[in-house]
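Values in this text are rule-based calculations from the coordinates and carry no lab data. The structure presented is a predicted model; accordingly, all values stated were derived computationally and were not measured. In this analysis, Cβ positions are derived from the backbone assuming ideal geometry, glycine residues included, and neighbour counts consider all displayed protein chains.
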Amino acid sequence: MHSSKLLVTLSDQFNTLAGRIEAAGQETVSQSRFDHQLFQSRGTRLDDYLAESRQTLQRLTLTVEQGYTERVAWLAQRLIDQMNALARELATQDLRRGQPAKAAPVDYYARLNEHQDYERRLLSMIRDRDSLRQSTGDYARTQQLQQEIAALEGRLARCRQALARIERLIERRENGLEKG
């Protein structure tokens, strides 16, 4: 009799949960939100997992009727775990809807370091080209090197602008003017 009372209680709780899930509507998620040990389903909607829990309830009902007490305890615990997981997911859906997915935080110090490295390399390339330009006697080669130097100086100017922007962002963040 104890098993049948448990079955009635679990069945009532399951039906209440199923009603809440159906009332909430169905949102598709990009990946499973449940442990693969708990649910065999790989669906993207709560309905998929609710159907699996319904099957667990049906197996539990059959097992109670057949009198397999060890299996009843295992299936009852599995059903309880599945229903708890579904209830938690249902409770967090509203929170997930309200919060847009956050982009990964930007590490401005890493970007600053990267741009400082670009600046050092550009300066080195400019010095190398200028040294070559001064030591060459060929007019065409001198012209080519001057064009390369001009292009590198343009890249250097853009790099320094980016450095200044990153430094301002870091300063604003440290002064509490920007979240990030």
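Evaluate E = 1/(1 + (r/R0)^6) for ARG88 and GLN58, where r is the Cβ-Cβ distance and R0 equals 25 Å; express this FRET efficiency to the nearest 0.05.
0.65
Using Cα springs under 10 Å in a Gaussian network model of the chain, which residue among GLN77, GLN37, GLN143 shows the largest mean-square fluctuation?
GLN143
Please compute one quarter of the surface area of the Cα convex hull for the range 1-81 and express it in square nanometres.
Quarter of the Cα hull surface area: 5.2 nm².
Return the ratio Rg/(2.2 N^0.38 Å) for the chain, where Rg is computed over Cα atoms only.
Cα-based Rg divided by the globular estimate yields 2.06.
Go through the range 1-84 and name the chymotrypsin sites (Phe, Trp or Tyr not before Pro) that are in a DSSP coil and have 12 or fewer other Cβ atoms within 10 Å of their Cβ.
Answer in residue order: no site qualifies.
Run the quick spin-label model on ARG71 and ARG111: label points 7 Å from Cα toward the beta carbon, then report their separation in nm to one decimal.
Computed distance between label sites ARG71 and ARG111 equals 6.1 nm.
What trypsin sites (Lys or Arg not before Pro) does the range 112-180 have in DSSP loop regions with at most 12 other beta carbons within 10 Å?
Of the trypsin sites (Lys or Arg not before Pro), the ones in loops of the range 112-180 whose Cβ has at most 12 other Cβ atoms within 10 Å are LYS179.
Taking only Cα atoms and a 10 Å spring cutoff, compute GNM fluctuations for the chain and point out the largest among GLY137, GLY19, GLY67.
GLY137
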